[in-house]
Each structure stands twice: as structure tokens, then as C-alpha cells.
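Structure, as C-alpha cells:
The values are calculated or read from the model by the stated rules, or taken from the named source; none is laboratory data. Here the structure is a predicted model, which means the values were calculated and not measured. As a convention, Cβ positions derive from the backbone with ideal geometry for all residues, glycine included, and neighbour counts pool all protein chains shown.
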Amino acid sequence: MSLLRSVKETTVLGEYARIISGAAPLTPYNFRYKGPAQLSEKHDPVELSFKVTPESDPPSNIHVLIGRNGIGKSFLLNAMVRALVADGTHEEDDGRFYDEEGLLDDDDIFSSIISVSFSAFDKFEPLSDRMTSRSGIGYAYVGLKKKKRSQSDDPGLKDISALSREFSISARKCLDRGKLTRWQRALDMLESDPIFKVSKISHLAEIDDVEEFRKTASSRFRDLSSGHKIVLLTITRLVELVTEKSLVLLDEPEAHLHPPLLSAFVRALSDLLNNRNGVAIIATHSPVVLQEVPADCTWLLERHHTLMTAERPSAETFAENVGVLTHRIFGLEVEEAGFYNLIREAVLSLGDYDDIIGKYGGNIGSEGRGLIRSLIAVQNKRSQK
């Protein structure tokens, strides 16, 4: 009772319980990133603000940059990495992070940076050890590319043997006290996917012999599909690497994952970050990722010739329908592609609802049928003028 005289009961039940269980105390984040110089000097750099409120519902520890391909999302993520862990002298090229509260030196916002990208076509290379000597901020890369040992080096991509070895080494490190609980919790979330459930990855914790563990881990990893391999390696490496005040930067995680597994991964990541008091920024063009975060944790990126702009979505994104989000974010582009074009052409050539349905043998879904009716109505109005 004497403890409760000076400390609120909610603090004892919340923060103290977290510390006892090995979780990091939660602190708010309020930082801003001023991007690199725009292609045209007459435009100011894009500025993005990020705010994390502990224990918020929905969680606010994952932020999203969304926009169409080629708009510069990957460029921004890589600039963020360089701004934090390189020598810090190229603000015009890399941008800069600021603590909005003014309570921390800008270099002290994060303790470490973890960059995740499994694109073989990403033109940006992982930073070499020589480039990551900035004091106090750790850097790790998780992905397909090997690190350069020198500027002239062309190390190429990791093969399946290298990736399975990386997984088995990382998984072994996750058996340490504290990390094991976080790893098993993450795997439990991913086991909503039936393939993960039958792979029995979590059973690796029961193997004591180091050599047997290595062989079994590598074998089970190799048996997975490419998408499952990537999400398993990613979450395992993040459990190994994420510490208090880590910033995780992920580039298009949807590239290898089907929607349910992608959603499960985002939730597992958010749970891990909550345990470690970390934050993530995801660059994506997937509405599946977008529906897992609120609108005030989302930046919609657009490019108009030499100008990049960033705006918040006009409506809520968390738990919104994927189709609705797709229309809001990519609207006109969606209407100019895919089945929209086919249906538009059918309406122009046939003009009758039943004829169009018949042309496709009845194989048109509810959205397509609604689109046919809408386009016919528009066409009829125009013909009456």
C-alpha cells in the first residue's frame, strides 16, 4: 500500500508489470522528417510528421507511406537510413530527422535503425560498415542483398543456402531469455496462416543440441514457400535485432505475401514494437497494409512532375474495406486499368446490361455489375442532352 500512495495504481499495473515481464517501458514519439531537396529548387522538401501514443487503440507504432509505383517511396526510406546512420553531412541529399518536442538531440530519437527490403530490383544498396560509423546509432539490414565490402565490390544476392543459414543463426539467438517469449508470440500470430501452423517452426525451441537445431531449422525453412521464407526470416531477425527505441524501415513487404499473411505480419510487427518501445515506417502500395493503420499514421505520396507531395488520407483507413481504400488512394488509375477498361468498352459497344452480362457468360462480380449500371446511366444521360 505504501507504494500506491505515490504512484497511480494504473502505473503499477501497467508500466511496472511491463518491466517485470521484460518489456521496455513505453514512451511517446513525436518526430518529423524533412526530406531531401526536391528535383526543382523552387519547391520545398517534403515534410512528414510521425507521432506514437503508447497503448493507443488502434496502435500508432506503425506508420505507412503509400503511393503508386515509381513515386519515390523507396528513395525516401533509403534517404531516411542515410540521414540517421551515415556521416550526417549531406542533408540536401538525405534529409534530416527532428524531435518535435525539442527534448532530445536529433541524433538521440532512435537507438538503432533496421532496414528491411527483399526486392532484388531495388537499386539502393545496404550501407557498408564503413558508412555506418556515426556514433550511437546502430544499423542492420535484413534482405536479399549482400553487403558491399568496398565501393567497387558487387556482392550480388544471397542464395537459399545463405538465407537458411541466416535464419538458423538468428532463430538460435531468439532462444535467449526474453527474446524467446517475443519470438513465440510472433510465431503464434503468424500461425493464423495454415502453412505456418503445420511447419512447426515454434517447436524448434524444444531442441537443445546446437547442431540438431541448425539442421532442423534450415530444413524447415527450406520447405517453406518463398513468401513464407521471407516473412519468417524477417520477423525472426526483427525479434533478434529490435531493441528499445529502434526504428524499423520496411520497403513493400506485400511483394511476396498474400493478404491474410501480410495482415498477420503487420500485427505481429506492431506487437513486437509495443514490447520493445519501437516504431516502424512501411513504404507500400498495398491497401491491405493501409487497413491495418489509422489515417493519422498514414502519408499519401503523390508526384506532380518534379514535385513530391504528402497528404493525410481524407477519411479513416483502419479496418476499412480494401476496395474502398483502393479507390480512395488510386482512384483514377484503377479506373483506367484492368476490368474497368473491359467493362467500359463493353458498355460503349453494347449499351445494354443484359447483353453485357451475357457477353461474359454471367461471370461478373457485384462490383462489376454495379459499374455496368453506373456507366450505362452516364451514357444514357449524355445521349439525352
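Which one is farthest from Ala264 (Cα to Cα), of the residues in segment 189-221 that are within 24 Å of the chain's Cα centre (by Cα) and at pLDDT 95 or above?
Among those that are within 24 Å of the chain's Cα centre (by Cα) and at pLDDT 95 or above, it is Phe221.
Would you call Ile281 assigned to a strand (DSSP E or B), at pLDDT 95 or above and not charged (D, E, K, R)?
yes
Please return the ranges of helices (runs of 4 or more DSSP H) entirely within segment 176-250 where 2 or more residues are surrounded by fewer than 19 Cβ atoms within 10 Å (Cβ to Cβ), hydrophobic (A, V, I, L, M, F, W, C) and in the same structural domain as Ile62 (by TED's automatic domain parsing).
194-199, 210-222
Looking at (1) assigned to a loop (DSSP other than H, G, I, E, B); (2) over 18 Å from Ser263 (Cβ atoms); (3) modelled with pLDDT of 95 or more, which is the one condition that is false for Glu292?
(2)
Quick one: Phe318 ticks every box in (1) more than 30 Å from Ser60 (Cβ to Cβ); (2) buried (at least 16 other Cβ atoms within 10 Å of the Cβ) except a single one, so which number is it?
Of (1) more than 30 Å from Ser60 (Cβ to Cβ); (2) buried (at least 16 other Cβ atoms within 10 Å of the Cβ), only one is false for Phe318: (1).
Would you list the strands (runs of 3 or more DSSP E) that sit entirely within segment 37-118 and hold 2 or more residues that are of a type in the set (A, V, I, L, M, F, W, C) and surrounded by 15 or more Cβ atoms within 10 Å (Cβ to Cβ)?
Once the strands (runs of 3 or more DSSP E) in segment 37-118 are filtered for at least 2 residues that are of a type in the set (A, V, I, L, M, F, W, C) and surrounded by 15 or more Cβ atoms within 10 Å (Cβ to Cβ), what remains is 47-52, 62-66, 112-117.
Going by what's in this entry, would Ile113 be described as in contact with a Ser or Thr (Cβ under 7 Å, 6 or more places away or on another chain), modelled with pLDDT of 90 or more and in the same structural domain as Trp299 (by TED's automatic domain parsing)?
Taking the combined requirement at face value, the residue does not satisfy it.
Answer yes or no: is there a residue in segment 64-87 that is in contact with a Cys (Cβ under 8 Å, 6 or more places away or on another chain) and at pLDDT 95 or above.
yes
For every residue, the table says whether it meets (1) buried (at least 17 other Cβ atoms within 10 Å of the Cβ); (2) in contact with a Gly (Cβ under 8 Å, 6 or more places away or on another chain); (3) farther than 30 Å from Phe97 by Cα; (4) among the charged types (D, E, K, R).
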residue	(1), (2), (3), (4)
Met308	yes, yes, no, no
Glu311	no, no, no, yes
Val322	no, no, yes, no
Ile343	yes, yes, yes, no
